[in-house]
Amino acid sequence: MNQQIQRAAARARAYLEAHVYNIFNVYDLAITSYALARSGSRVSGVLFTKLDNMAVLKDGKKFWSSRRLPIIARDPLTTPWFDYYMQSSPLDIEIAAYALLHYIETKNFASGLPVLKWLTTQRNANGGFQSTQDTVLALQAISEYGSLFSSDLNLHLDVATYNYTHSLTIQKLDALVLKTTEVPVSFSQGNVPEVNITATGKGAALAQVHVSFYVEKEESNNAYNVSVNLFKETLRSVVVETCVRWALTGSSGMTVVEMGLPTGFMAELDSSNTKIPNLKKKENKDRQIVLYFDQFDGHNSCLYMEMIRVELVAKSQPASIKVYDYYEPDNRAIKFYQSNLLKDASFCDICADCGCTTMPGK
């Protein structure tokens, strides 16, 4: 079996080497150059030179872009955080991870540092990235690079603001455990406080400051055209029709539809009124249903979800439906829907037997 694997690997390497001058896609260059470097191929450098010439250098960081996002009209005065919370695509993160792994494999550690710096700026508050695949690959690259310098790890960190202090200890045995602390914000101060982080000891660690905030309406770039209508609406149930089509050229990639549930309602996934064509996977999470589809094209595809009231809630608030590309999550659209009957309904309207002194609707 080992000989069969070795022969298969040799044939794969020979095939890639024979096609090095026919590879131009940035993602293909990244994964192929790393694969050839792992196999000890001398032509790996040819591909990586192509990749390196396509890199973007900015603020001491190095990264690659696999595509252009649709232009989103926005006012910088009303959306000042836009460029900060818009993250790169999962493909861009995978490209950078493969490039960093190539630098590590070829022992070109200094050249890999700007890539490492960029990757660390793309992590979310939980230490991951955009999707499962890019998270696994990026963490592999970061951990391999970090292991070169952190064989003996023993760090003490102090986090301090004007009215808050917290201490953390990081050692080799728990180096992979994410440690967090929440810095309190006093709105009377008017601004987010300055955070001072001091480290003593031996080794290297990454400190990341995450700022979260609420927005009245999430940005949407209209990569998808989404319409929402309500059918068969009563005080006890409603059927939500969601129609989706891809608004750009060609077709989308794998698409996720996140349907938020109105307060007091649950989804009836097995109801005869629920119809979801071309569904590949579904998840029933807390307060939302997550649906996965291979793709959407320029034609409308409609799905129907029946929702049943399970709790008494008056004056129901809007719920959201978010549609986005799994691998390009910045390509997305968001719509809100609300029960026409329940948005103005009083408690007596939805529960006539609850001791009301007036008739429902009066």
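Just so it is clear, none of the values below were taken in a lab; they were calculated from the coordinates. The structure displayed is predicted, hence computed values, not measured ones. Cβ placement follows ideal geometry from the backbone for every residue including glycine, while neighbour counts extend to all protein chains displayed.
Worth a mention:
- A Förster radius of 25 Å, combined with the Cβ-Cβ distance separating Y21 from S65, puts the computed FRET efficiency at roughly 0.65.
- FRET efficiency, 1/(1 + (r/R0)^6) with R0 56 Å, evaluated for L173 and L235 via beta carbons: 0.45
- Taking the fewest neighbouring Cβ atoms within 10 Å as the starting point, the ordered list for Y15, Y103 is Y15, Y103.
- In a fully extended conformation the segment linking K107 and V195 would gain 28.1 nm over its present Cα-Cα distance, using 0.36 nm per residue.
- For segment 84-126, the alpha carbon convex hull comes to 71 Å³ per residue, rounded to a whole number.
- Fewest-first sequence of L29, L153 by Cβ atoms within 10 Å of each Cβ: L153, L29
- The slack in the chain from L248 to D286, taken as 0.36 nm per residue of separation less the alpha-carbon distance, amounts to 10.5 nm.
- Sorted by Cβ neighbour density within 10 Å, fewest at the top, the residues D270, D297, D134: D270, D297, D134
- Gain on full stretching of the segment that runs from L57 to S227 - 0.36 nm per residue minus C-alpha separation: 57.2 nm
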